[in-house]
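Each remark here refers to the structure printed beneath this line.
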Amino acid sequence: MRLIGMLDSPYVRRVAISLDLLGLPFQHESVSVFSTFEQFRAINPVVKAPTLVCDDGTVLMDSSLILQYLEAANGRALWPTEAAPLLQAFRAVSVALAACEKSVQIVYERNLRPKAAQHEPWMDRVTGQMLAAYAALEQEVQSRPDVFADPGQQAAVTAAVVWEFVQSMLAPLVPAADYPGLAALSQRLEATPPFQKYPSAGPGVSGL
């Protein structure tokens, strides 16, 4: 399998770390949807990261669908098996991915669109949605610590990956001091081998 995309994308990094935790071998190719657009398009004409090229050549997109397929195909999962804990984990990941989506929207708007063309009412709306999502995720971390206790579970992985991304890109908007639970979770998981093996490339939209 080949995982295509840059690790400064939280979606690509989420998949890479998850595949490592699942024990599934893959080749990571750092191809950018921006700086190496044509190279990416030769692999996947849609040019969407992450892209997974399966062993039979099938191309998959979307981090959640990639992981859902690979877990089903290999009989392994980073989720609880019982319904109640699974619901809590789904809730946590859904909030984390919503926070991630809004963070990426703001990064793209700020870094790719000329300042004169940016629509401030839209930016205010997206920023409000992003902050609501991070507040909800902090609440999840604080009120349901058991959901995030295992660094090998998807709730902890996704929350930590998303938090590192927003801190590298939009820290003034989402100050760490206001989210101590997420900050502590991120610090704990960033010290684990899978996170260190696939580190974020740091600030910069060019790789996304």
How much of the DSSP bridge set in the chain is antiparallel, in percent, rounded to the nearest 5?
65 percent
Rounded to 0.05, the calculated FRET efficiency for the beta carbons of Ala73 and Ala116 at R₀ = 41 Å is 0.25
State to the nearest 20 debye the size of the charge dipole of the chain about its Cα centre, where the only charges are +1 on K and R beta carbons and -1 on D and E beta carbons.
320 debye
Relative contact order (percent, whole number), the chain, Cα cutoff 8 Å, 6+ residue spacing:
30 percent
With charges set only on the Cβ (+1 for Lys and Arg, -1 for Asp and Glu), what does the dipole of the stretch 83-196 come to about its Cα centre, in debye to the nearest 20?
240 debye
Would you calculate the separation in nanometres between label points at Gln129 and Glu38, each defined as 7 Å from the Cα along the Cα-to-beta-carbon direction?
3.5 nm
Which residues does the label zone of Arg144 cover in the stretch 1-21, counting backbone N under 12 Å from a point 7 Å along Cα→Cβ?
none
Helix by helix, which DSSP H runs in the chain go 24 Å or more along their axis at the Cα atoms and have an average Kyte-Doolittle hydropathy of -1.0 or more?
83-112, 120-143
Once you have the Cα-Cα distance between Ala83 and Asp56, take 0.36 nm times their residue separation minus that, and quote the gain in nm to one decimal.
6.4 nm
Just from its helices, what would the mean residue ellipticity at 222 nm be for the chain, if runs of 4 or more DSSP H residues each count -39500 (n - 2.57) and the sum is divided by every residue, rounded to the nearest 500 deg cm²/dmol?
-18500 deg cm²/dmol
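Each value in this text was obtained by applying a stated rule to the coordinates, not by laboratory testing. Bear in mind that the values here come from a model prediction, so they are computed numbers and not experimental data. FYI the Cβ positions are ideal-geometry reconstructions off the backbone, even for glycines, and counts take in every protein chain you see.
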